[in-house]
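Just below is one structure, and these are the notes that go with it.
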Amino acid sequence: MKNARTPLLVLGILALVLVSFSTIHAQQTQRVDEKELQTWADRGDADAQFELGLRKITGEGVKKNLEEGVQSVEKAAKQKHLRAQHVLGTLYEDGVGVKKDLAKAAEWYRTSADLGFALSQHSLALMYEDGKGVKQDLAKAAEWFKKAAEQGNPPSQTAYASKLERGDGVPKSTAKSALYYLKAAQQDFVPAMTRIANLYYTGQGVPVDYRRAGAWYHRAARSEDPWASNNLAWFLATCPEENLHNGEQAVLLSRRALKLVAEVIQSDEQPYEMIDTMAAALARNGEFKEAELWQKRCITLLKEDKDLPEADRKKLQDEFSTRLNLYQKTTPFAEPEPKAEEGTEPLPQDTILQDEGLPDAKPKKKTTPKSSRGTVV
């Protein structure tokens, strides 16, 4: 299965987006009396200082004034207002209203993190992960991700699971990583849904279970994440389990993925990985001539990627060429059965099949021959 790992940095950005969106949304839906807010802030009320500062930074409901906004947020932060401490850390990290200072950003994150604020714990973990404002320390990064994860923060659960999966700063444990991915996935965090699906698909940390993998890919694909649609399209086109193939739906999902790249990511570039998926979907749907054209386009785009390491380029070139040869022989591509990890145990906490209304029994394999064109169900 194509590996759709989400970088830890992206998870950190998502965490900050979550807190920023919730704050700004609340500001937009509530009318503010600036004079009253200023009065309470002047009296030393930390909540008022934080809200007034944030409004002045964003210009929501009051006249924008970055310098005064930062000062007001800092007053609240010095009174142990956790969100103010976290926001002050982001301001120093991004250089908004203050001179960019990663060391100060780390200090404020740590202040809030030590008091148990999950978003600051996650941000501090990212700084240790990348060596920003602090000396790089993968073990400390894992430690802070875990603390935030144990508070139920989905990006942190996913980041910590990723480290467990790779043995990055912690002893490798795919079984534990599956459990943390599941916790985040059950909170509708799309990157976690993708990762738990991939573990079921490859049999790492959990037994191979294509139906659960498919169910999680389906749930993730309901989002506006283009890669989630692409992953489901690839699954429906190339899954080793024949009964789960659906070429027609795979083509529709591939088109949706490419459309979302343009609309959501606002990029004119079409990733060759998605072009590869479209070719596989078309082939599974019996449209082999079209599949050939898309696969050739995929190979061309791969050659144009100047940033790809040569070893990776050679590997992908071989894979893409192999698929092209199959399509030229009017044969769809299917992935081989994975080499599953031994000794894995199911996750009884995973209720995805029941949640999606899927039967417990596995479908029987078809005995009728496949058509050379049309949807394979």
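The values are calculated or read from the model by the stated rules, or taken from the named source; none is laboratory data. On a predicted model such as this, the values are computed, not experimentally measured, just so you know. FYI the Cβ positions are ideal-geometry reconstructions off the backbone, even for glycines, and counts take in every protein chain you see. Note: areas computed on protein heavy atoms with side chains; ligands, DNA, RNA excluded. Shrake-Rupley method; radii C 1.70, N 1.55, O 1.52, S 1.80 Å.
Tabulated data
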quantity: Two-site label geometry, residue 255 and residue 243: point separation in nm, points 7 Å out along Cα→Cβ; calculated: 3.0
quantity: Angle between the chain longest axis and helix 272-284 axis [Cα atoms, degrees, rounded to 10]; calculated: 40
quantity: Crossing angle, helix 310-328 versus the chain [Cα axis fit, 0-90 degrees, rounded to tens]; calculated: 40
quantity: Mean accessible surface per residue for the stretch 178-277, computed with a 1.4 Å probe while every protein chain stays in place, in Å²; calculated: 34
quantity: All aspartates and glutamates inside 16 Å of residue 140 as judged from Cα atoms, apart from same-chain residues fewer than 8 positions distant; calculated: 107, 114, 129, 130, 150, 168
quantity: Sequence-separation-based contact order of the chain, relative, with Cα cut under 8 Å and 6+ spacing, percent; calculated: 11
quantity: Sites residue 94 and residue 337, calculated FRET efficiency, Cβ-Cβ separation with R0 35 Å, nearest 0.05; calculated: 0.15
quantity: Calculated P(r) of the stretch 30-99 - Cα pairs past 16 Å, %; calculated: 39
quantity: ³J(HN,Hα), Karplus 6.51/-1.76/1.60, whole Hz, each residue of the stretch 287-302, x for Gly, Pro; calculated: 9, 6, 4, 5, 4, 4, 4, 5, 5, 5, 5, 4, 5, 5, 5, 4
quantity: Total formal charge among the other residues, if their Cβ is under 11 angstrom from that of residue 180, Lys/Arg +1 and Asp/Glu -1; calculated: +3
quantity: Taking only Cα atoms of the stretch 204-322, radius of gyration then Dmax in Å; calculated: 14.5, 39
quantity: Interatomic Cα distance distribution for the stretch 160-206, bins of 5 angstrom, percent; calculated: 5, 28, 33, 23, 9, 1
quantity: Environment charge of residue 138, counting only residues whose C-beta is closer than 13 Å and scoring Lys/Arg +1, Asp/Glu -1; calculated: +1
quantity: Accessible surface of the chain [probe 1.4 Å, protein heavy atoms]: carbon and sulfur percent; calculated: 51
quantity: Radius 13 Å from Cβ of residue 63, net charge of other residues (Lys, Arg +1; Asp, Glu -1); calculated: 0
quantity: Among the listed pairs 104/132; 75/135; 289/329; 75/147; 289/315; 163/183, those beyond 18 Å (Cα-Cα); calculated: 75/135; 75/147; 289/315
quantity: Mean projection area, nm², convex hull over Cα of the chain; calculated: 21.4
quantity: J(HN,Hα) series, the stretch 124-132, from Karplus relation 6.51 cos²θ - 1.76 cosθ + 1.60, nearest Hz, glycine and proline x; calculated: 5, 4, 5, 5, 5, 4, 9, x, 9
